[in-house]
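Working notes, beginning with the structure itself.
The values are calculated or read from the model by the stated rules, or taken from the named source; none is laboratory data. What you see is a predicted model, and the numbers here were worked out from it, not measured in a lab. Quick reminder, even Gly has a Cβ in these numbers, built from the backbone with ideal geometry, and neighbours come from all protein chains shown. Heavy atoms of the whole protein, side chains included, go into the accessibility calculation; ligands, DNA and RNA do not. Shrake-Rupley method; radii C 1.70, N 1.55, O 1.52, S 1.80 Å.
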Amino acid sequence: MAAVIPETEPFIRAAVQANPALLIPDEGGVSLRVRMQRLVYAPFKAVAQGEKRITALTRGPFLIVLDGLDECDNKDEVQELIDGMLAFFDDNPLIPLRVFITSRVEEHIRSHLNVPGVRLDNLVDHCSDDDIATFLQILFDTGCKRNLVVQAYVQQHGEWPTQGDKRKLVEHIGGSFIFASAVFKFIMGVNNEGIHPPTPMDRLPLALKMNPGLDGLYAETLSRSKYLPYFSDIISTIALLAAPLPTSGIAELLGIHTYEVVNVLVNLQAIIRVPGTDDIPVTLCHTSLRDFLTTQDRSGGFFAHPSHHVRLLIRCIEYELKLLRQDPGLIIGSREPRMPAAAYYALRYSSFHSDRGNGFFKPTESDFAIHLGREALALQPGIPELIQFLANAIRHRASQTGSLTDLDEAISLAREALKFRPFPHPDRSVSLNSLGNALLHRHRVTGTMADVEEAISMYREALGLRPSPHPDRSYSLNNLANALLDHYRRTGTMAHAEEAISLLRGALELQPTSHPYRTDSLYDLGSALLERHRHTGSKVDLEEAISLQREALELRSPPHPDRPDSLNCLGYALLERNQGTGSMADLEEAISLFCKALVLRPSPHPARSFPLRNLVISLQAMYKETQTLSHLQDAIAHSEELLEFHYTVGHQHRAEWLLDLCSLLQMRFGATGQAADLSKIAALREEANRLSAASSTESTS
């Protein structure tokens, strides 16, 4: 101030000479409020209201900037500072001075500034992505001109980073300039360590996996409220919502009071934006908070378990029922002006929580969700949203029980919902995908080719209705690719496998690291490449498949519902490589992965047969290598379980599995001479021959 307005200097000197303690912030016994009054406000006022004309003051009001006020540890002192400031301006409303404060929304700051005379500007709706994009553009333009490796790459390959790369970086950075700077330094930093130091082009994909380093802040801040009632439910809900809700909407969805939500969130405003009014939703200050809360090994006790989706789904349906009982004329799926935010959310996003909760439903929860769906549909028949929900709920139960009756009903309901959504209905693609999912599920149970062919048709139409940049296009790409792969497995039509691989690569390009369906695309592409390897023998495909499955498994950390699938598929890829190279390390890891998958898929889970079958093959291979009888005994035990486990005599693979067990028993007979094995082999062969003859007769018919 003295430098810009020299006339204030004598007043500042006089204040210090009168009380030297003003210069001793922590030990002088003089509050920050008093120091500001004596050293800033009083000198400025003396000059501004003096008789002498001050040239500097003729140019307009002066501005004091207080940046990051929330970073001051002493909350009482901050409040005193604000109170003193407000008192000064109350007494001197015309003085040519303004104060500009930036801060996270901490309650001890917000409550003292929320008074007349202060203009509060909530940045909840401000997005700094364009600023971040400009910032990165300037950094990369400058950095690339100085880097000979990048210049040589650009001459050969063209623009780097590409526009797509920059877009992914901006999305990952989430509005934080500090993190943007750290990401750029990581990518362009000089690293001469090792025989083959990574280039900036190598480091850019790794940068998309960088943690912004805010975990400590998140854990410390969340600890402020962790012992308050409903803390876990509220935080898990905010982390898992498909779209943000205001505090009253969160309360209604959870069946609690609004003040109980505010009570938890008021201490968390350093990381969660809590608006002062109830018409603005609660949002996260940085997107990495959601990643933190949904990653168990990072968040620990604050982890938002995916099973909470099940609770949110049931609450959504209960809320819909409540609304329908109160107003049977309510149009489900429409946004009426009088409809509360929670009501619209429940009607619009219940299917979202149904999909994300798949794999976490307890049998009683599945039954309860179906019961609620039937009751809602009885109150308002012919509503496609309710029909769609019931179809999905029944299909999810079928995935737990293997019930064909449930699958048939789910398909029938999905067809009915689709009839209510003719082209160009905005949700037609949703119904097409739902019907395709149910048909593909039934194909995988029964092997009916008509089901997979119809599923492909449904998925193709849905994809056509989701052109780029539709947010769900990658989901449709995945669905169509999966159906094509199933068709390839039954017919061997290589064109289907090639198209599936192309579609899955396209899906991955649309999915940044944090995308909820990225794990599915990684897993599916790995599976597709493994299928092509088996057809062509390509080692490149096999190595890429193993790499993709490892990445998918890493992202599907416990308690992800699809982790058993990743364990099984990675194990199968390693087993495939073992058969080509004889690597015992691959075989041992494959056995370990299959065993872990079985732990996560206890009987009577219908998908238990996949890792069980692969474990039998692996143990048989291990016995052939080591001649250790325990491996053979384990293989026989698991093979017997495979035949007994939840399969009828007419199961499509039973004849094959019977013959496999015969081979294992023949090996044991050769090693031990047990006569009982011979009689068992004879009985198994007789059953296998009978099944094969019956199958041949059906095919001829």
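What the table shows:
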item: Answer from Gly373, Gly359 - the residue that is open to solvent by 30 Å² or more (accessible area, probe 1.4 Å) and under 26 Å from Pro516 (Cβ atoms); result: Gly359
item: Condition met for Ile173 (at pLDDT below 90, among the β-branched types (Val, Ile, Thr) and open to solvent by less than 50 Å² (accessible area, probe 1.4 Å)); result: yes
item: Any chance Ala42 is over 17 Å from Ile101 (Cα atoms), among the small types (Gly, Ala, Ser) and in contact with a strand residue (DSSP E or B) (Cβ under 8 Å, 6 or more places away or on another chain); result: no
item: Those helices (runs of 4 or more DSSP H) lying entirely in region 585-688 with at least 2 residues touching an Asp or Glu at 6+ places or on another chain (Cβ under 7 Å) and open to solvent by less than 70 Å² (accessible area, probe 1.4 Å); result: 609-626, 654-672
item: Residue that is farthest from Ala621 (Cα to Cα) [pool: residues in region 563-584 that are crowded, with 16+ Cβ neighbours inside 10 Å and either without any contact (Cβ under 8 Å) to a residue 24 or more places away in the chain or among the acidic types (Asp, Glu) (or both)]; result: Asp565
item: Condition broken by Trp160, with the remaining ones in (1) exposed (fewer than 13 other Cβ atoms within 10 Å of the Cβ); (2) under 24 Å from Ser181 (Cα atoms); (3) not small (Gly, Ala, Ser) satisfied; result: (1)
item: Close pairs from region 139-157: first open to solvent by 80 Å² or more (accessible area, probe 1.4 Å), partner not hydroxyl-bearing (Ser, Thr, Tyr), Cβ under 9 Å, at least 6 apart; result: Lys145/Gln151; Arg146/Met188; His157/Met201
item: Residue within region 231-240 that is under 18 Å from the mean Cα position of the chain (by Cα) and under 30 Å from Phe184 (Cβ atoms) present; result: yes
item: Residue in region 22-44 that is of a type in the set (D, E, K, R), free of Cβ contacts under 8 Å to residues at least 40 places away in the same chain and surrounded by 14 or more Cβ atoms within 10 Å (Cβ to Cβ) present; result: yes
item: Residue list for region 1-14, restricted to those being assigned to a helix (DSSP H, G or I) and within 58 Å of the chain's Cα centre (by Cα); result: Pro6, Thr8, Glu9, Ile12
item: Candidates Val78, Val150, filtered to the one that is within 37 Å of the chain's Cα centre (by Cα) and assigned to a helix (DSSP H, G or I); result: Val150
item: Matching residues in region 50-101 - criterion: being among the small types (Gly, Ala, Ser) and either touching a helix residue (DSSP H, G or I) at 6+ places or on another chain (Cβ under 7 Å) or open to solvent by 40 Å² or more (accessible area, probe 1.4 Å) (or both); result: Gly84
item: Residue check, Phe360 closer than 21 Å to Pro559 by Cβ, outside any helix (DSSP H, G or I) and at pLDDT 85 or above; result: yes
item: Residues within region 314-341 that are at pLDDT 80 or above and exposed (fewer than 13 other Cβ atoms within 10 Å of the Cβ), tallied; result: 2
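Results for (1) touching a residue at least 60 places away in the same chain (Cβ under 8 Å); (2) surrounded by fewer than 20 Cβ atoms within 10 Å (Cβ to Cβ), shown as yes or no for each residue.
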| residue | (1), (2) |
| --- | --- |
| Lys209 | yes, yes |
| Pro212 | yes, no |
| Gly216 | no, yes |
| Leu222 | yes, no |
| Leu228 | no, yes |
| Ile238 | no, no |
| Ala242 | yes, yes |
| Thr247 | no, no |
